[in-house]
Amino acid sequence: MLTWVIVGLVAAVLVSNFFKLMPRGRERHLQRLRERAREQGLAVEWLREAHKVNQLAGCIAYRMPLERCPLEREFSCRRGEDGWHWLNGSAATPDCNDVLQRLPEQVRGIDRQSLSVVVYWREPDDLAVLQQLVAALEPLKGAPPGR
């Protein structure tokens, strides 16, 4: 009888430890969101230097590969309290105003590079916001190829 009690206790400890390893709540939501992002062609990247840039604190980078673009179509900006702040390019950069106006409010920065676009954002609670992000980036997919 004592053997069965010990076996039961060990099994209970193992099961409880197993449940501690399972993702819960927000973790499960983020796994679903990131999987859906991968299905949409976005790669999830960790920001090593986010703590050094106030506007990007708490952000995750989502990268979407694109066709090569000429240098004059590249841009980089961060969202501040009073709107977008340009690091590279300007509001006159082709396609960028349309993209910036359509981006979800969770997006804190965007970099259109030669072969990709990187969006820095605070991952939302609603999966529909991911669709809004993908739709906002659509004009960049149709940009003419570079030289």
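The values are calculated or read from the model by the stated rules, or taken from the named source; none is laboratory data. If you're wondering where the values come from, they're calculated on a predicted model, not measured in any experiment. Backbone-built Cβ (ideal geometry, glycine too); neighbour counts: all protein chains shown.
Return a yes/no flag: does region 35-57 have any residue that is assigned to a loop (DSSP other than H, G, I, E, B), crowded, with 19+ Cβ neighbours inside 10 Å and at pLDDT 85 or above. Yes, region 35-57 has at least one match.
I need the strands (runs of 3 or more DSSP E) fully contained in region 79-140, keeping only those with at least 1 residues that are touching a residue at least 60 places away in the same chain (Cβ under 8 Å) and in contact with a Gly (Cβ under 8 Å, 6 or more places away or on another chain). Steps first, please.
Working: elements: 83-88, 107-112, 116-121.
Strands (runs of 3 or more DSSP E) meeting the threshold: 116-121.
For region 1-34, a residue qualifies if it is modelled with pLDDT under 80, over 27 Å from TYR120 (Cα atoms) and in a helix (DSSP H, G or I), and the qualifying residues are LEU14, VAL15, SER16, ASN17, PHE18, PHE19, LYS20, LEU21.
The single condition among (1) surrounded by 19 or more Cβ atoms within 10 Å (Cβ to Cβ); (2) over 20 Å from LEU33 (Cα atoms) that LEU115 does not meet is (1).
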